[in-house]
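Taking it in order: structure first as structure tokens, then the write-up.
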Amino acid sequence: MVVEAPELGKLAAILFTGIEAVVRQSWRDEALQQVVREEHALLVRELLPRHGGREVKRLDDGFLLEFEGGPSAVDFGLELQRALEARNGAVAADRRVVMRVGVHVGMVVHRDGDVFGEGVNLAARIEALARPGTLYVSESVARQVEGLLSSPPVRLGRGEMKNIRLPVAVYRIDPPDSSHRRPWLSRMRSLLSRGSTAN
């Protein structure tokens, strides 16, 4: 009889992105939806390596990403939101992307390239709560980035979440007003141009 070894967990930062439902509904047709989703994917994959992140999998309207720790995940999330703001300033209203981002640091199990566990479930629940254009993070993330941000995370409260054993404190992190907005605008135009010529 072969006894399988127990799966070993690892501490990791899990980040979920999700396109806001109201924005999805404004896209006129399936072809436009596909174009906008691909532009969003191009941006995520452009930024991810700078922060040491790993794309676990692409979802219908977002991504499941993994980072070594909370600071790198939050840095990525803030840069993504700033970049989307710049992108939205360069495109028509029906092509804009408004993103929810949720981050949690917890134990996960790796299996066949995917990640599982309560750490993943909690990050997904936090993303679903998030206000578009910001980051919502768990208390474990807020503690890791304390003192590293220009404005501290804002505590929103503590509550119970579906399939999560203990009540969870959730914090909001707002992207700072960035002097990099104009350079990002030209960079995004270049990215979108490269993406359209590659198809």
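Some observations on this one:
- Backbone phi angles across the range 84-99, fed through the Karplus curve with coefficients 6.51, -1.76 and 1.60 (θ = phi - 60°), yield HN-Hα couplings of 5, 4, 5, 4, 5, x, 10, 10, 5, 4, 7, 10, 6, 10, 10, 10 Hz in residue order; Gly and Pro are listed as x.
- Projected label distance in nm at Asp112 and Leu156, using a 7 Å step from Cα toward the beta-carbon: 3.3 nm
- The HN-Hα couplings worked out from phi for the range 44-53 by the Karplus form 6.51 cos²θ - 1.76 cosθ + 1.60 (θ = phi - 60°) are 4, 6, 6, 7, 4, x, 5, 10, x, x Hz, whole numbers, x standing for Gly and Pro.
- Taking each residue as 0.36 nm, the span from Glu46 to Ala128 lengthens on full extension beyond its C-alpha to C-alpha distance by 27.1 nm.
- Computed lengthening from Leu149 to Glu55, 0.36 nm per intervening residue step minus Cα-Cα distance: 31.4 nm
Only the coordinates and a few stated rules stand behind these numbers; no lab work does. Note that this is a predicted model, so its numbers are computed, not measured. Please note: Cβ atoms are built from the backbone with ideal geometry, for glycine as well, and neighbour counts cover all protein chains shown.
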